[in-house]
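Okay, so here's the structure we're looking at.
The values are calculated or read from the model by the stated rules, or taken from the named source; none is laboratory data. What you see is a predicted model; the values in this text were computed from it and never measured. In this analysis, Cβ positions are derived from the backbone assuming ideal geometry, glycine residues included, and neighbour counts consider all displayed protein chains. Calculation scope for accessible area: heavy atoms of the full protein, side chains included, ligands and nucleic acids excluded. Shrake-Rupley method; radii C 1.70, N 1.55, O 1.52, S 1.80 Å.
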Amino acid sequence: KFAGRGVGSWQGRYTRAQVFLDSEILRLSEPYTPLLSGMLIKSGTLGTEPGSGLVQWIAPYSKRQYYSPRKPGSQTGPLRGPKWFERMKQVHGRKIIAGAKQMAGGG
């Protein structure tokens, strides 16, 4: 076994990349997420364990807000509105994946 080349080393890089991915999704989705009291945004933080691979907004009204037929944009920001993850992914998706690949050692 070569130093730094074992399964543990690869697994550590993968775990760091997954934590990065989950955290970036939350961070970059924030400007797109509807904002009234801030609880919807906070529910993403509370509903996600970075590194788990599962990012979820757990507020009881999250699904209704996500699939709302209204258009993006409000007094609290021009990007805020429904389907925040999908819209964020269109803008930042490639950058997030490239960063995760780099962290995992995939260049």
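Applying the criterion of being open to solvent by 70 Å² or more (accessible area, probe 1.4 Å) and not charged (D, E, K, R) to the residues of segment 73-88, the residue that is farthest from GLU24 (Cα to Cα) is GLN75.
Rundown of residues vs (1) open to solvent by 70 Å² or more (accessible area, probe 1.4 Å); (2) within 17 Å of GLN90 (Cα to Cα); (3) of a type in the set (Lys, Arg), yes/no style:
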{"site": "ARG16", "(1), (2), (3)": "yes, no, yes"}
{"site": "PHE20", "(1), (2), (3)": "no, no, no"}
{"site": "TYR32", "(1), (2), (3)": "no, yes, no"}
{"site": "PRO50", "(1), (2), (3)": "no, no, no"}
{"site": "GLY53", "(1), (2), (3)": "no, no, no"}
{"site": "ALA59", "(1), (2), (3)": "no, no, no"}
{"site": "TYR66", "(1), (2), (3)": "no, yes, no"}
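PRO72 fulfils the conditions (1) of a type outside the set (Asp, Glu); (2) part of a loop (DSSP other than H, G, I, E, B); (3) under 17 Å from the mean Cα position of the chain (by Cα) except for a single criterion, (3). Can you pull out every residue in segment 33-49 that is part of a loop (DSSP other than H, G, I, E, B), of a type outside the set (S, T, N, Q) and modelled with pLDDT of 95 or more? If the condition is that a residue be part of a loop (DSSP other than H, G, I, E, B), of a type outside the set (S, T, N, Q) and modelled with pLDDT of 95 or more, then PRO34, LEU35, GLY38, GLY47, GLU49 are the ones that fit. A Cβ distance below 8 Å, combined with a sequence gap of six or more or placement on separate chains, defines the contacts here; from segment 53-75, residues that are more than 29 Å from THR15 (Cβ to Cβ) reach residues that are in a helix (DSSP H, G or I) and open to solvent by less than 50 Å² (accessible area, probe 1.4 Å) in the pairs TYR61/LEU40; GLN65/LEU40; PRO72/TYR32. Selection over segment 60-107 of residues that are over 15 Å from THR33 (Cβ atoms) and touching a Pro at 6+ places or on another chain (Cβ under 6 Å) gives a count of 0. ARG80 satisfies every condition listed in (1) in contact with a strand residue (DSSP E or B) (Cβ under 6 Å, 6 or more places away or on another chain); (2) in a helix (DSSP H, G or I) except (2). Annotation: SER52 fulfils all but one of (1) in contact with a Gly (Cβ under 8 Å, 6 or more places away or on another chain); (2) part of a loop (DSSP other than H, G, I, E, B); the unmet one is (1). Of all the listed residues (LEU28, LEU36), the sole one being touching a residue at least 60 places away in the same chain (Cβ under 8 Å) and either loosely packed, with under 13 Cβ neighbours inside 10 Å or more than 20 Å from GLY106 (Cβ to Cβ) (or both) is LEU28.
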